[in-house]
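One structure below.
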Protein chains: 4
Amino acid sequence: MMENKDTSASRLMFQRVSESFDKQALMKTIGASLVDVREGSVSIRCMFLDETKQQHGFAHAAVAFAIGDSAAGYSALTMMEPGHEVLTSEMKINLLSPAIGDYLMATGEVVKAGRKLIIVRATVVAVTDGQEKDVAILQGTMVPVAITSF
Amino acid sequence: MMENKDTSASRLMFQRVSESFDKQALMKTIGASLVDVREGSVSIRCMFLDETKQQHGFAHAAVAFAIGDSAAGYSALTMMEPGHEVLTSEMKINLLSPAIGDYLMATGEVVKAGRKLIIVRATVVAVTDGQEKDVAILQGTMVPVAITSF
Amino acid sequence: MMENKDTSASRLMFQRVSESFDKQALMKTIGASLVDVREGSVSIRCMFLDETKQQHGFAHAAVAFAIGDSAAGYSALTMMEPGHEVLTSEMKINLLSPAIGDYLMATGEVVKAGRKLIIVRATVVAVTDGQEKDVAILQGTMVPVAITSF
Amino acid sequence: MMENKDTSASRLMFQRVSESFDKQALMKTIGASLVDVREGSVSIRCMFLDETKQQHGFAHAAVAFAIGDSAAGYSALTMMEPGHEVLTSEMKINLLSPAIGDYLMATGEVVKAGRKLIIVRATVVAVTDGQEKDVAILQGTMVPVAITSF
């Protein structure tokens with residue numbers, strides 16, 4: 001059945017991304033978890049921890065960068081050949097408002113999947129009482145790397 | 001004496017930056033410490049911690065971002081009016097090689113200090129047995145914010 | 001009547017943008033024209049001229065930059081107080097495919113309109129026989145400047 | 001003789017870059033010329049033309065982008081294998097002050113020359129009565145493309 005096949009493909013895709021995600025100690029350290037994996041789009045949720053604040057009590061810009069970059073990177077991974085991992089080549093972040101609220105949510109998407117370079121974007125929002133506020137937008141480049149390279 | 005005055009100014013500058021730096025919980029969490037503060041240039045050293053690794057055992061790109069961005073931001077702070085703090089408006093990072101070695105060192109510098117916007121650059125190197133290897137370069141914009149704004 | 005009022009506001013907005021656009025000699029030089037002006041979104045169309053080609057016969061990356069940056073900047077202008085002009089503070093472009101076709105179309109949009117900084121995005125597509133192909137995406141920052149400053 | 005060999009290598013390098021540069025119609029259109037070619041560093045000079053002004057009478061940001069991007073790209077070309085051309089993958093520009101003066105000068109440099117990606121930087125200055133003023137800084141990525149690909 002088409003439905004089962006799709007479900008199975010979705011499950012394999014989630015598995016591939018989560019296996020990589022779970023190996024990223026930093027994601028655990030900052031309180032981030034994988035919430036959604038689709039072809040060309042991945043979402044990551046992140047708690048506000050005392051350990052990741054900057055001097056004004058907001059989450060540090062590097063936290064928004066970390067989850068935005070990872071959401072974008074894993075979006076790219078969903079479109080890569082098996083046997084490859086993803087590395088960030090370059091990333092640009094514009095910070096829109098202080099990262100404060102109940103939790104952060106980053107959603108990445110593939111803009112163009114080339115063989116050597118994958119162009120990505122991500123948005124990071126802070127959610128408070130179910131209301132979203134834009135925190136950051138990112139735009140960058142991911143490169144596929146054969147797993148045997150490591 | 002000129003010398004003492006300079007020394008005193010240097011000491012005040014270091015104090016101003018370290019007071020802000022010490023309030024950034026994230027810096028402690030990733031093992032970063034302030035090593036040098038000059039007018040328009042600040043250096044930050046960072047250990048390799050298991051807690052900040054990515055899936056291949058290198059320091060996560062967000063760690064290079066965190067210390068590069070902070071070194072650049074504090075470089076800007078050294079050139080701001082008293083009573084102001086620094087916020088990152090936007091930052092771009094190009095990653096040059098995997099972050100692995102004995103420790104990381106980020107050095108930020110002010111390219112142009114305007115009244116409203118301060119343009120900055122930073123370089124992050126990995127040091128192994130005293131040898132430096134470029135890990136990342138950053139280019140971005142800092143904005144001064146009156147401390148009373150928070 | 002509401003409709004007339006809206007129409008009048010739209011006309012004034014187009015007029016404000018086109019007055020500035022028409023003063024940009026470069027836009028004429030590269031064959032660009034203003035095609036659509038809405039609150040927070042502006043589109044610019046650009047011909048392929050022999051004068052703006054790069055070494056492989058495509059439009060130069062700077063042409064995509066020029067119209068993407070201008071579309072983004074004028075999107076910002078539609079949301080600025082009267083008596084202000086727009087200047088680009090910083091802009092990042094990712095090039096997706098060669099700029100070749102019947103014509104280029106750039107569409108800018110405001111992501112966040114602050115009082116001092118306006119965060120913008122733009123997309124540039126090449127249109128061939130009515131089919132669009134992504135050429136470039138841009139993300140950057142615009143600053144409002146009082147017209148009396150010039 | 002070593003000296004002659006070096007001179008010959010320099011001459012070949014200048015020839016390689018200028019052959020590509022001369023094919024870029026846009027460079028001629030904006031009044032740009034190649035002034036210096038070294039291994040990993042290229043300088044381009046650009047006149048102020050009425051045809052390339054923006055609405056305030058300064059050179060358009062896209063002119064600074066065009067020569068900064070080209071200086072950076074040709075710096076990369078000097079370090080590529082023969083039989084390759086250079087394409088910009090992504091580029092970020094921070095604008096520091098209005099482009100006005102006697103002429104503009106862009107100098108590009110290679111930060112890291114990888115096999116697939118070359119990381120570059122460039123600085124654009126305006127020169128007035130022999131005095132330089134920073135106009136823009138750029139940071140980006142170039143990709144080598146086999147000439148037969150076109």
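Between copies, how close do the residue C:133 label points come, placed 7 Å along Cα→Cβ, listed in nm from shortest?
Reported distances to equivalent positions: 3.9, 4.2, 4.4 nm.
Taking each residue in B:95-107, count the Cβ atoms of any other chain within 10 Å of its Cβ, then average. What number comes out?
2
Once a ≥ b ≥ c are taken as the square roots of the eigenvalues of the Cα gyration tensor of the protein assembly as shown, is the result rounded (a/c under 1.5), prolate (a/b larger than b/c) or oblate (a/b not larger than b/c)?
Numbers: a/c = 1.20, a/b = 1.16, b/c = 1.03.
Because its axes are fairly even, with a/c under 1.5, the protein assembly as shown counts as rounded.
Considering every residue in C:129-139, what mean count of other chain Cβ atoms within 10 Å of its Cβ is obtained?
Across C:129-139, the average partner-chain Cβ count within 10 Å equals 2.
Would you mind listing the distances between the residue C:7 label point and the same position in each other copy? Use 7 Å along Cα-to-C-beta, nm, one decimal, shortest first.
In ascending order, 5.6, 7.6, 7.9 nm.
Across the Cα atoms of region A:5-149, what radius of gyration and what greatest pairwise Cα-Cα distance (Dmax) are found, in Å?
14.8, 49
Only Cα pairs under 8 Å and at least 6 apart count here; give the relative contact order of region B:5-149 as a rounded whole percent.
23 percent
So what is the calculated 222 nm ellipticity per residue for the protein assembly as shown, using -39500 (n - 2.57) for each DSSP H run with n of 4 or more, over all residues, to the nearest 500 deg cm²/dmol? Please report the intermediate quantities before stating the final value.
Numbers: 12 runs with 172 residues, N = 600.
The helix-only estimate for the protein assembly as shown comes to -9500 deg cm²/dmol at 222 nm.
Can you sort C:63, A:111 so the residue with the fewest Cβ neighbours within 10 Å comes first? It would help to have the intermediate numbers written out before the result.
Working: C:63 30, A:111 20.
Result, fewest neighbours first: A:111, C:63.
What trypsin sites (Lys or Arg not before Pro) in region D:43-150 are in a loop by DSSP, with at most 12 other Cβ atoms within 10 Å of the Cβ?
Sites meeting the loop and neighbour criteria: D:115, D:116.
Which of the aspartates and glutamates could a cross-linker bridge to residue A:133, judged by Cα under 19 Å and excluding same-chain residues fewer than eight apart?
A:69, A:102, A:109, B:90, C:109
Could you tell me the calculated FRET efficiency between residue C:147 and residue D:133, based on Cβ-Cβ distance and R0 = 30 angstrom, to the nearest 0.05? Don't skip to the answer; put the middle values down first.
On the way: r = 23 Å, r/R0 = 0.77.
So, using R0 = 30 Å, E works out to roughly 0.85.
Convert each backbone phi in region A:77-90 into a coupling constant with the Karplus relation 6.51 cos²θ - 1.76 cosθ + 1.60 (shift: θ = phi - 60°), then list the ³J(HN,Hα) values in order as whole Hz, x for Gly and Pro.
Taking θ as phi minus 60°, the curve returns 4, 5, 10, 8, 4, x, x, 10, 10, 10, 10, 6, 8, 7 Hz for region A:77-90.
Return the ratio Rg/(2.2 N^0.38 Å) for region B:48-112, where Rg is computed over Cα atoms only.
Normalised Cα radius of gyration, region B:48-112: 1.28.
Shielding of C:116-128 by partners, i.e. mean partner chain Cβ atoms within 10 Å per residue?
For peptide C:116-128, the averaged partner shielding equals 2.
Using only Cα atoms and rounding to the nearest 10 degrees, what angle (0 to 90) does helix D:2-22 make with the longest principal axis of chain D?
Around 60 degrees separate the two axes.
Please rank D:47, D:91, fewest neighbouring Cβ atoms within 10 Å first, as an exposure proxy.
Lowest count first: D:47, D:91.
Need the C-alpha centroid separation for region C:103-150 versus region D:111-150, integer Å.
23 Å
A short reminder: the numbers here are calculations on the coordinates, not readings from a lab. Worth saying up front: this structure is predicted, and the values here are computed from it rather than measured. Counting neighbours? That spans all protein chains shown, and the Cβs are built from the backbone with ideal geometry, glycine included.
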